[in-house]
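Colleague: Pasting a structure here, questions to come.
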Amino acid sequence: MFLNDYVLPTAIIVAQILAIVVPLLVSVAYLTYFERKVIASMQLRKGPNVVGPFGLLQPLADGAKLFVKETILPAGSNKLLFIMAPMLIFVLSLIAWAVIPFGDGLVLADINVGLLYFFAISSLGVYGVIMAGWASNSKYAFLGALRSAAQMVSYEVSIGFVVITVVLCAGSLNLSDIVEAQRTVWFAIPLLPMFVIFFISALAETNRAPFDLPEGESELVAGYFVEYSSMTFALFFLGEYANMILMSAMTVVLFMGGWLPIFDIAPFNWIPGPIWFFAKISFVLFCFLWVRATFPRYRYDQLMRLGWKVFLPLSLLWVAVTAGGLVSFGWLPNQVAG
């Protein structure tokens, strides 16, 4: 009785978690490889090509190097918070995957407020950044943390309004329902301005170029993790790339039809849903890398002006336009209309 009631369900849940976390960590490792290869191709270079065939073992070599290095704790730092900060950022980048649907019914926690859960988890990342900057007891780390926190909070406002437009069109906070609502047309088409704002805000939210201002080497050395080394630095690194994959997954779920095929005809609908999902994520990640290789870094005042004076009014206006259009033409989903 004890085995059936407690051990087996727990074992199943642990297996499901590992089925998500292990491929995610492998993807994070090889995303660094593909980033270096893609940018090298765009700049007419070779990229990693020494460790293993075609450089495929380079991520493993980088991980081994970071693992064997010494972890240095600054003398004036708050040791507990100093170590907890990268762990917090890394853990938050993993637990948000609990509500991401990989296919029809393939989701760890199919909760009705999945979108709200994702938004809450993504907002908590600011605490890890501020903890890292303050606990380091370094002026450069602290300034980098303040800039990063202000940047993340600023663009979360725009992301919130974008999410509202998607919820109005889908009539649900459940991510699986949002995907099913896109069987006729992807939300990226009627909500194209919101799609663009969400993608650019995702770049700012993950501190990616051209918004990698917390890591501005010319003025802040390396931002809020300047005092970190070894595996504590690696956790920041893993967290950033895991967040890239997470934001790409959310872009696919909210605007690109999730696991649905591009065309609901043969042979497209013969391909399993999870393969479509991963293919779309790969495309969005390629766009992340493409942007890094193309655009120069913004100044900080330009970053804030874009977030508060362009994205915020535009997203607020589009919420009003979307709500007005849905009410005027009677297109409200059944969940909202009821």
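The values are calculated or read from the model by the stated rules, or taken from the named source; none is laboratory data. Keep in mind that what you see is a predicted model, and the values were worked out from it rather than measured. Cβ: placed from backbone, ideal geometry, glycine included. Neighbour counts: every protein chain shown. Accessible surface areas use protein heavy atoms only, side chains included; no ligands, DNA or RNA. Shrake-Rupley method; radii C 1.70, N 1.55, O 1.52, S 1.80 Å.
Colleague: Averaged per residue, what accessible surface does the chain expose to a 1.4 Å probe, in Å²?
Modeller: Result: 50 Å² per residue.
Colleague: Can you give the accessible area of residue 263, probe radius 1.4 Å, in Å² rounded to 10?
Modeller: That residue has around 110 Å² of solvent-accessible surface.
Colleague: Using Cα atoms only, what is the angle between the long axis of helix 230-255 and the major principal axis of the chain, expressed in degrees (0 to 90) to the nearest 10?
Modeller: 10
Colleague: Would you mind giving the average projected area, over all directions, of the Cα convex hull of the range 153-281 in nm² with one decimal?
Modeller: For the range 153-281, averaging the hull's shadow over all directions gives 9.5 nm².
Colleague: At a threshold of 8 angstrom on Cα-Cα distance, excluding pairs fewer than six apart, so keeping six or more, what relative contact order does the range 104-188 reach in percent?
Modeller: Relative contact order of the range 104-188: 37 percent.
Colleague: I want the local charge near residue 246. Using Cβ-Cβ distances under 11 Å, sum +1 for each Lys or Arg and -1 for each Asp or Glu among the other residues.
Modeller: -2
Colleague: Under the rule a/c < 1.5 gives rounded, and otherwise a/b versus b/c splits prolate from oblate, where does the range 208-316 land using the Cα gyration tensor?
Modeller: oblate
Colleague: Suppose every Lys and Arg Cβ carries +1 and every Asp and Glu Cβ carries -1, with no other charges. What dipole size does the chain come out with about its Cα centre, to the nearest 20 debye?
Modeller: For the chain, the charge dipole is close to 840 debye.
Colleague: Straight distance only, please: which lysines reach the Cα of residue 37 with their own Cα at less than 18 Å, same-chain residues fewer than 8 apart left out?
Modeller: Here the lysines satisfying the reach criterion relative to residue 37 are 46.
Colleague: Something else about it: State the label only: which of (i) 15.9; (ii) 21.3; (iii) 18.5 corresponds to mean projected area of the Cα convex hull in nm² computed from the shown model?
Modeller: (ii)
Colleague: Round to the nearest 0.05 the FRET efficiency obtained for residue 19 and residue 262 when R0 = 30 Å and r is the Cβ-Cβ distance.
Modeller: 0.70
Colleague: Can you tell me the order of 268-275, 200-207 when each peptide is scored by its average per-residue count of other Cβ atoms within 10 angstrom, highest first?
Modeller: Ranking, from highest mean packing down: 200-207, 268-275.
Colleague: So, with a 1.4 angstrom probe, what is the percent of accessible area on the chain that is carbon and sulfur?
Modeller: Solvent-exposed carbon and sulfur of the chain make up 72 percent of the total.
Colleague: Another question, if that's okay. I need the calculated FRET efficiency for the pair residue 12 and residue 282, taking r as the beta carbon distance and R₀ as 25 Å, to the nearest 0.05.
Modeller: The calculated FRET efficiency here is 0.30.
Colleague: Using 0.36 nm per residue, how much length does the chain from residue 301 to residue 64 gain when fully extended, once their Cα-Cα distance is taken away?
Modeller: Net length gain for the segment: 81.4 nm.
Colleague: Helix 273-294: angle to the longest alpha-carbon principal axis of the chain, degrees 0 to 90, nearest 10?
Modeller: The angle comes out at about 50 degrees.
Colleague: Does anyone have the angle between helix 139-170 and the longest principal axis of the chain? Alpha-carbon axes, 0 to 90°, nearest 10?
Modeller: It is inclined by approximately 10 degrees.
Colleague: Still on this structure, please answer the following. Out of every Cα-Cα pair in the range 56-200, what percent are more than 19 Å apart?
Modeller: The calculated P(r) of the range 56-200 puts 65 percent of pairs beyond 19 Å.
Colleague: Can you tally the net charge around residue 312? Count Lys and Arg as +1, Asp and Glu as -1, for every other residue whose Cβ sits under 15 Å from the Cβ of residue 312.
Modeller: Residues close to residue 312 contribute a combined charge of 0.
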